[in-house]
Each structure stands twice: as structure tokens, then as C-alpha cells.
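The values are calculated or read from the model by the stated rules, or taken from the named source; none is laboratory data. Being a predicted model, the structure only gives us computed values, none of them experimental. Neighbour counts run over all protein chains shown; Cβ positions are idealised from the backbone, glycine included. Calculation scope for accessible area: heavy atoms of the full protein, side chains included, ligands and nucleic acids excluded. Shrake-Rupley method; radii C 1.70, N 1.55, O 1.52, S 1.80 Å.
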Amino acid sequence: MAENLIKPENLVYKKTSVMTDKVMHYCPGCGHGTAHRILAEVIDEMGIQNETIGVAPVGCSVLAYNYFDVDMTEAAHGRAPAVATGIRRVFPEKYVFTYQGDGDLAAIGTAETIHACNRGENILIVFINNGIYGMTGGQMAPTTLEGMKSSTSPRGRDIKTMGNPLKITELVAQLPGSYFVTRQSVHTPGSVRKAKRAIKKAMEYQKLNKGTCLVEIVSNCNSGWKMTPVQANKWMEENMFPFFPLGDIKVPQE
Amino acid sequence: MKELRLMKGNEALAEAAIRAGADAYFGYPITPQSEVIEYLMAENPAERTGMVVLQAESELAAINMVYGAAGCGKKAMTSSSSPGISLKMEGISYIAGAELPCLIVNVVRGGPGLGTIQPSQSDYFQAVKGGGHGDYKLIVLAPATVQETVDYVKLGFDLAFKYRNPVMILSDGIIGQMMEKVELFEQQARSTEEPEWATVGKKPGRDHVIVTSLQLQSEEQEKVNLRLQAKYREIEKNEVRYETIMTEDAEYLFVAFGSAARITRKAMEMARAKGIKVGLLRPQTLFPYPYEAINKLADQVKGILTVEMNAGQMVEDVRLAVNGKVKVEHFGRFGGMIPNPDEILNALEQKIIGG
Ligand SMILES: Cc1ncc(C[n+]2csc(CCOP(=O)(O)OP(=O)(O)O)c2C)c(N)n1
């Protein structure tokens, strides 16, 4: 329809064909949709749709395979880096990415995350850090901030009894197997452009076979945080970013 | 032409995997099967055939690596022993649910818990009745010799791909550790096929492939279950394998699988020497199970003794098969203990003939 209304010379932006036309199930205001789009655009721009295999584990993005028009596998909670290892080892020429939440990557799947990165598996890990378990209804995550309320920390996260929020991205950056580690966000047009550049770099690095690339995206979860999307983005800037500062954490030393 | 070697069960298994054209092995050390990955690493199959061998950080990771590689249409396998197999159960359920082929080897040791490192058959229920969650079935092959271990690697991959279903070789610490003469089959080329259900990278002109076991609508999940059940019925129809020894004139019957069947065979010979007409039925597939064959023999014999290295697991299937026609009893040693032929013969005389 849009094609008929908009003259080709006036067309400035088009949905990438690496995204399907399926209606997304994500809550309005959530960052997942934007993160999906920039990853799909990178795959499109690099012309690697036919050489890319994605892995999305349990979490809000469990249905990511409906939205990315690439071959995809749904993994058990926490196991995506192991599944991706299996794929990349039998297909060393292909591009393999995982797309994981914080509960998945930094709680139940910590061992798989650390060891895939420590082996330097040549995969891209996209890590959506929304500080909460979105899919199961807003329970505390390993990245939930001190004092932050969730359905399993209703009086706020108490460090003494519930432990500390985990900066797993900084941990991964320490490992000799990781090659490029960065923390981004997708809540403003500028940050979206930056995050996309980071994902593109990380995807391109796969061909070098020099190690694991991890792109963390600090994101909101307006429904889990019980805020409007606008409030959630503001809260994220004021509370999440000071603890999870944006920017590159490990850059390749050429 | 014939290639005969004297080999340890675990090493023969590893050699068979390379020769069967396996694409990938992912494992984690545990006694009594660590020789599998040790042999593979020493053989360097990356050089020999291009096969991937990787020591994972856990059995959990290993089975999920298998899941990833199997989803790519590759011949992928893992091996472990009881506690490690328990850790793999979630992954096995996912693989069964996503209908992917793979080979899983359990060189069983005594349990529960950390148990012993000595041989056992106490994972029969776990292998045959589920183990992981959900209504799924593994095809379960039970070798009794090193030779059968080798042959079942090839057969296991064939069945896995024929039915797109995980296959388990249920071995034990005896078969894994003992050395026997074995005839090796010739090296098979690794497959270059790209099955249409595999994630190999989206091909122009076809939909993207999705490997998943998730259905949000219960109506859809029921359909998946019905499809799986139809497949399991097909497997039951086509793939039952068993061996019968001296059952033609038998008045009594032993039923035993794997190592226990070998020891029971000796007990059978001793009984025959005493004039007791007893035969042996040895299931080679534990799923599908030879219910029909046992049911038929129940019309002929006066009683049946199952001999197992566990506290009585397969005996439940024998009773199902016999359906009350004759007496069925169990004799077992467990916790890593191995029965000897004398006590098996004694159990036959006490529990079946005299009882
Ligand atoms: C083994 C297992 N444990 C628990 C669950 C339930 N579960 C599904 S998603 C999820 C949390 C996901 O949170 P996160 O990874 O942060 O992703 P998000 O939903 O926030 O995007 C949990 C606990 C499961 N599916 N499997």
C-alpha cells in the first residue's frame, strides 16, 4: 500500500526484508523491536541473510524466530551460547548470533556465557539488559539494581540478602577469548545509530575468527518496571546508565 | 578386508563414531566413559574426517551443542554416564520436541546420586520411560558386546535420521571398560546433504527454517504430540530387535539385556546342564520393546525371571508383556554389584521353579 502512496524519489526509509511482516508481540515502548530491527538491517546491509543462523532462547524474545527472516533455533533457557557453539563449530563459514535476556545470559546461563566467550567462539552475542525478568512477569534479574522493585523484590533489591547486581559484560571483557565488548542503548535516534554501528562491527569481526563479540543493549521494560514508556526511558537514563555506563568496554587492539 | 582389533568398549565406540561419519562430538569427562573423548582427542578426527570434537564446560552445555549441530542437519553425538545423563535431560527433551536426530550414549554406573563408578543398569527407567519432561520417546539400543556397541553407533545414526529422533545407546561400565575382539566397519564419508528441516542459512526461494519445540497454543501443541505419538507407533512397528537363545523347547525363560544378558546366558547353560529347560530372550531395543515376542513365549513357558543390574525396572515391561499369563519375577544386583551365574540359577530355582 505504502508503495502506491509514496513516490520512489521521496522514499527515505524502508523496512528491511530481513524482518518478516509478522506482527510483533512486544509491549509498546519496549526496546526489543528496535534492537531486532537494527540487527536485521545489519544482516541486510552485509548481504549475509543466507549465511546467518540465529539462536534465541527462552525469554521475551523467544519468538524472535518469527521476526527474523533467517534460519533460527529456539534454545532452552540459558543455553544459547552452547547451541550457537554447536552451530558455529559445524559451520565455521557462517554468521551465528544469539539474542539473550539478562536472566538468560547472566543467571541460568552464566556458565555457557563465560565459557563460550572464554573459548572465543566466533559468534555474536546480543545481550538485552532490561534489569528484570520480562517474560515471566517482572521478577528480579541478576541485573536488577540495588533498591529496585520487582515482583520477587517487592521492597526493593536488598543487597545483603539478595546479592549484588552483576556486571557480566565487564566480566566477559576480562576474558582473553572475547574480542569486542560494548554496551549500548536504543532509546534515542542517536543511540540507535550507535548501537547499529556496534552490531555491524561485531558481525563483521566474525569473519576474522578472533573471538566472541558481545553487544549489550541496556533497555527498558516499561511493563515490568510498571512505568509508561517515556517514564521508563527517563528512569533508565537516571538509574541504569550510572551503574551500566554506555560505551565500548573492550576494543580490538590492531 | 576384515579389520579385526582388540579394543576397549569406550574406545571402539569412539572409533565407530569417526567411521560412521559423525560430524561432531561434544562431551564432558565422567567415569566410566571418559575414554570416549580421550580416544577422540588422541585420534584427532579433525584431521582424519573433519569431525568436530569439543570438551564442553558441562553435560548441559554438551547436549545443547549437540542440539545446535543436530539442527544444522549434522550427525552429532554426546556420551556420558548416569549423573551426566541426568544433566542432559532438559536438552534431550528439547531435541525430541524439535524432532532432531542425534546419538546419546549412557555408559551406566550405579546410583542414585553420585553413586558408584561401577557398572549398573539402573537408568533403564530414565532411558525408556522419559527422564526428561514431556511425552517423548528415545529409541534405546542396548548392546551386550563391544561389537554391538560399534554396530549400534552406525545403526543409531541411521535410525536417528530415519525418524528424526534422538537415539540412546544404553551401555554400562562393563561393556565400556572391557576389551574384546571387534570387527570395524569401513570409514564412511561425512554427509554433505542439507536436509530441508535444517538451519543451514536461508536458501533463496524457501522459507526460513525454524528449529523449535515451542507452541503457544495448546491445540497446536496437541497436534505436535499426536505427530510424535504416530512416529513412536511407527518405530514400534518397524524397529523391535531382540535375540532368543534356546527358547524353542524352553519351559522357563530368562529376560535380560546388555551385560546382564551375558551373565544370564552362562546361568542358562548351567541350568541346561542340570536338565532345566530354560531359554533366554535378550531385548536389543529397549524402546521399542519386544512385548509381542515375550507375550508369545509366555504361552509356552511356566515362569519368567528377569535379571537386571538394578532393583527391578525392566521387569515392569516384562509383566506388561506377559499380562498375567505366567509368573514373572526379578533378580537383581545393584549399586555397582554384578550378579554371578550361580546366584542367577539359584534365583531361577527358588523364585520360579520352586516358588
Ligand atoms: C529451565 C527454565 N527455567 C525457567 C524458565 C522460565 N522463564 C522463562 S523466561 C524467564 C526469564 C527471562 O528473563 P530474561 O532472560 O531477562 O529475558 P526477558 O524476558 O526479560 O527478555 C524465565 C525465568 C524456563 N523457561 N526454563
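Here the accessible area is traced with a 1.4 Å probe on the protein chains. For segment A:92-235, carbon and sulfur cover 56 percent of it. In sequence order, segment B:97-111 has phi-based couplings of x, 7, 6, 10, x, 6, 10, 10, 10, 10, 8, 5, 10, x, x Hz under the Karplus curve 6.51 cos²θ - 1.76 cosθ + 1.60, θ = phi - 60°, and Gly or Pro positions carry x.
With contacts taken as Cα pairs under 8 Å and at least 6 residues apart, segment B:108-243 reaches a relative contact order of 19 percent. Computed with every protein chain present, the accessible area of A:W235 is close to 60 Å² [probe 1.4 Å].
Interface burial in segment B:1-38, defined as at least 10 Å² less accessible area with all protein chains than with the chain alone at a 1.4 Å probe, covers B:F26. As an equivalent ellipsoid, segment B:120-210 spans semi-axes of 31, 21, 8 angstrom, where each value is the square root of five times an eigenvalue of the C-alpha gyration tensor, largest first.
Summarising the amide proton neighbourhood of A:T143: residues at separation of 5 or more, or on other chains, whose placed amide H is nearer than 5 Å comprise A:L166.
Helix B:218-238 and the longest principal axis of the C-alpha atoms of chain B enclose an angle of approximately 50°. Taking all protein chains together, B:H330, A:H115, A:H36 sort by accessible area into A:H115, B:H330, A:H36, largest first [probe 1.4 Å]. The order of B:T149, B:T244 by accessible area, most exposed first and with a 1.4 Å probe, is B:T244, B:T149.
Modelled label positions at B:E236 and A:E204, each set 7 Å beyond Cα in the direction of Cβ, lie 5.8 nm from each other.
Counting Cα-Cα pairs of segment B:243-353 in 10 Å increments starting at 0 gives whole-percent bin shares of 16, 55, 27, 1. Counting charges near A:Q100 (Lys, Arg +1; Asp, Glu -1) among other residues having Cβ under 13 Å from its Cβ returns a value of -4. Only aspartates and glutamates eight or more places from B:K266 in sequence, or on another chain, were considered; those with a Cα closer than 13 Å are B:D342, B:E343.
Over chain B, the pair-distance histogram of Cα-Cα distances with 10 Å bins from zero comes to 6, 25, 32, 23, 11, 3, 0, 0 percent, rounded to whole numbers.
Near A:S153, the amide H atoms lying under 5 Å from its own belong to A:M140; only residues 5 or more places off or on other chains count, and H is placed 1.01 Å from N.
On association of chains B and A, roughly 2700 Å² of accessible area becomes buried (total for both chains; probe 1.4 Å). Here, P(r) means the percent of Cα pairs in each 10 Å bin from 0 to the largest distance; for segment B:180-272 it is 10, 19, 24, 21, 17, 8, 1. Global dimensions of segment A:16-250 from alpha-carbon coordinates: Rg and Dmax equal 16.3, 50 Å. Shielding of peptide B:47-57 by partners, expressed as the average count of other chain Cβ atoms within 10 Å per residue Cβ, is 3. Across the cross-link table entries A:K15/A:K201; B:K181/B:K302; A:K201/B:K202; A:K7/A:K234; B:K154/B:K325, which are compared at the Cα atoms, the separations over 30 Å belong to B:K181/B:K302; A:K7/A:K234; B:K154/B:K325. Other residues whose C-beta falls under 13 angstrom from the C-beta of A:V62 contribute a net charge of -1, scoring Lys and Arg +1 and Asp and Glu -1. Rg and Dmax, both from the Cα atoms of segment B:1-141 and both in Å, are 14.7, 46.
The Cα atoms of segment A:162-253 give a gyration tensor whose axes a ≥ b ≥ c have a/c of 1.5 or more with a/b no greater than b/c, which makes the shape oblate. Look at the alpha carbon pairs under 8 Å that are at least 6 residues apart: their mean separation over the length of segment B:3-238 gives a relative contact order of 26 percent. For the protein assembly as shown, DSSP calls about 25 percent of its internal beta bridges antiparallel.
With the convex hull drawn around the C-alpha atoms of the protein assembly as shown, the volume per residue stands at 182 Å³.
Taking all protein chains together and rolling a 1.4 Å probe, B:S213 ends up with roughly 40 Å² accessible. A loss of 50 Å² or more of accessible area (1.4 Å probe, protein heavy atoms, ligands and nucleic acids excluded) relative to the isolated chain is seen in these residues of segment B:201-215: B:K202, B:H208, B:I210, B:L214. Per the 1.4 Å probe, what fraction of the accessible area of segment B:1-133, in percent, lies on carbon and sulfur atoms? Carbon and sulfur: 54 percent of the exposed surface of segment B:1-133.
Report which residues of segment B:62-79 become buried by 10 Å² or more of accessible surface when going from the isolated chain to the complete set of protein chains (1.4 Å probe; DNA, RNA and ligands ignored). Residues of segment B:62-79 that lose at least 10 Å² of accessible area once the other chains are added: B:N64, B:M65, B:Y67, B:G68, B:A69, B:C72, B:K74. Quick one: helix B:258-273 against the long Cα principal axis of chain B, what's the angle to the nearest 10°, folded into 0 to 90? Value to nearest ten degrees: 20.
Rolled with a 1.4 Å probe across the full set of protein chains, the surface gives B:C72 an accessible area near 0 Å². Take the protein assembly as shown with all the other protein chains still there, run a 1.4 Å probe, and you get 40 Å² of accessible area per residue.
The candidates A:D158, B:D207, arranged from most to least accessible area with a 1.4 Å probe in the full protein assembly, appear as B:D207, A:D158.
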